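Visitor: Provided herewith is a single structure, encoded as structure tokens, for subsequent inquiry.
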Amino acid sequence: MICCLGIIGLILTGTSLSELLDFSLDPAFIPSFKTMFISIILEAFPFILLGVLFSALLQVFVSDSVIQRFTPKNPVAGVLFGSLLGLLFPLCECGMVPVVRRLIRKGMPAYIGIVYIIAGPILNPVVYTATWTAFRTRPEIAYSRMGLAFGVSVITGLILYKVIRSNPLKQASPATGVIHSHDHHHGHHHSHDHGHAGTASVKNRFASTLSHASDEFFEMGKYLIFGALLTALIQTGLSRDTLAGVGEQPVLSNLFMMAFAFVLSICSTSDAFIAASFTGTFSAGSLLAFLVFGPMIDIKNTLMLLSTFRTKIVLALIFITGTLVLIGSILTERLFFS
């Protein structure tokens, strides 16, 4: 997809491939590339670390039943609940799919869980702080990101509530659509240890927290490095005239940045720093499309969604969110940034 958009951009801007790849002859390319790459890594590192610590603490110390207990039954309240759940439980998008799968198996309505998957990576305090930090001179980008993500999540949730008629998980029974859980042993374990058992349990939990945090940090770190590498390469290697030409096209620039976010698969706690590096080249609407669509739908969470949910549900989710983000980013730019 991104290659097709790049070719369209070349055609529309009248740029030749030799002009596009003129960085090989520029002696300043390597120093500029290193500076851009290292600056993105250093800016994003604290937020990656904070995000994985939150994720690990929640995974170890907060049970799924706590969330299920407070799940609303009303569909509108349920959509709002799923959209804003990230304020209380700011999990990274990579850890949400298995958590939501467990919640659906325990009785949470599927549409609420899916709304949490797409809204949680954006509508949480960690991501807002990172976005505001990346766009210090343009805080309206941070506000618009939260507003657009909330609107897309709510509309998507209401559509899914009408569309989903059976359990969307792949493990559901074909005849009934009901998942048969065999986790009957949970809750029947009784501890007979005394003395140091409680202390050992706390130590084990903190050890498990550190283990989860380190695993997720290295998992997220490779996406951050890849994203920073590709961004630095584009920023320093591609012709500024080419990027400016794509950025000047109202709809094409939004589609390009959405495709770019899909391919990068960068964590939502650090993607704002990559988006900020394109300020001045791409419009505010294009940056919003990147910041909202990427955390909702990218390569890595699409693969995880396909391994968990039925294919037609995943395809419908991609189509709905993509359409809403494209329309919403264009309207937001025209209403608030023009």
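Visitor: Would you mind classifying region 73-135 by shape? Square roots of the alpha carbon gyration tensor eigenvalues, ordered a ≥ b ≥ c; an a/c under 1.5 is rounded, otherwise it is prolate if a/b is larger than b/c and oblate if not. Walk me through the intermediate numbers first.
Guide: Numbers: a/c = 3.21, a/b = 1.74, b/c = 1.85.
Note, shape of region 73-135 comes out oblate.
Visitor: Determine the order of PHE256, PHE61 by accessible area, beginning with the largest, at a probe radius of 1.4 Å. Mind dumping the intermediate values first?
Guide: On the way: PHE256 20, PHE61 85 Å².
So the residues, ranked largest to smallest area, are PHE61, PHE256.
Visitor: Using 0.36 nm per residue of separation minus the Cα-Cα distance, give me the extension gain between LYS312 and SER338 in nm, one decimal. Can you show the working numbers first?
Guide: On the way: separation 26, 0.36 × 26 = 9.36 nm, distance 3.77 nm.
Once the chain is fully extended between LYS312 and SER338, it gains 5.6 nm.
Visitor: Mind ordering 112-122, 209-219, 317-327 by average Cβ neighbours within 10 Å, highest first?
Guide: Ranking, from highest mean packing down: 112-122, 317-327, 209-219.
Visitor: If LEU42, LEU50 are ordered by their accessible area, calculated over protein heavy atoms with a 1.4 Å probe, which sequence runs from highest to lowest?
Guide: On the way: LEU42 120, LEU50 75 Å².
Final ranking, largest accessible area leading: LEU42, LEU50.
Visitor: Please list 257-264, 129-136 highest first by mean number of surrounding beta-carbon atoms within 10 Å per residue. Intermediate results must be reported in sequence, preceding the final value.
Guide: On the way: 257-264: 23.6, 129-136: 19.5.
With the highest mean Cβ count within 10 Å placed first, the list reads 257-264, 129-136.
Visitor: So, counting K/R as plus one and D/E as minus one, what does the shell of residues with Cβ under 13 Å around PHE290 add up to? Before the final figure, lay out each step's value.
Guide: Values: positive: ARG145; negative: ASP271, ASP298, GLU333.
Local net charge: -2.
Visitor: Still on this structure, please answer the following. If you roll a 1.4 Å probe over region 285-338 with all protein chains in place, what percent of the accessible area is carbon or sulfur?
Guide: 74
Visitor: Which sequence of ILE141, ILE155 reflects their accessible areas, 1.4 Å probe, from the largest down? If you can, show how the numbers build up before the last one.
Guide: On the way: ILE141 0, ILE155 80 Å².
Result, largest first: ILE155, ILE141.
Visitor: Does region 34-78 come out rounded, prolate or oblate, given a ≥ b ≥ c as the square roots of the eigenvalues of its C-alpha gyration tensor, rounded meaning a/c under 1.5 and, failing that, prolate meaning a/b above b/c?
Guide: Values: a/c = 7.61, a/b = 2.38, b/c = 3.19.
Note, shape of region 34-78 comes out oblate.
Visitor: Can you tell me which of 81-88, 69-76 comes out highest on packing, and rank the rest after it, using the mean Cβ neighbours within 10 Å? List each step's numbers first, then the result.
Guide: Details: 81-88: 20.5, 69-76: 11.6.
Sorting 81-88, 69-76 by mean packing, highest first, produces 81-88, 69-76.
Visitor: Probe 1.4 Å, all protein chains in place: accessible area of GLU43 in Å², nearest 10?
Guide: The value for GLU43 is about 80 Å².
The values are calculated or read from the model by the stated rules, or taken from the named source; none is laboratory data. Predicted, not measured: the structure shown is a model, and the values here were computed from it. Note: ideal-geometry Cβ built from the backbone for every residue, glycine included; neighbour counts use all protein chains shown. We work out accessible area using only protein heavy atoms, side chains counted, and drop any ligands, DNA or RNA first. Shrake-Rupley method; radii C 1.70, N 1.55, O 1.52, S 1.80 Å.
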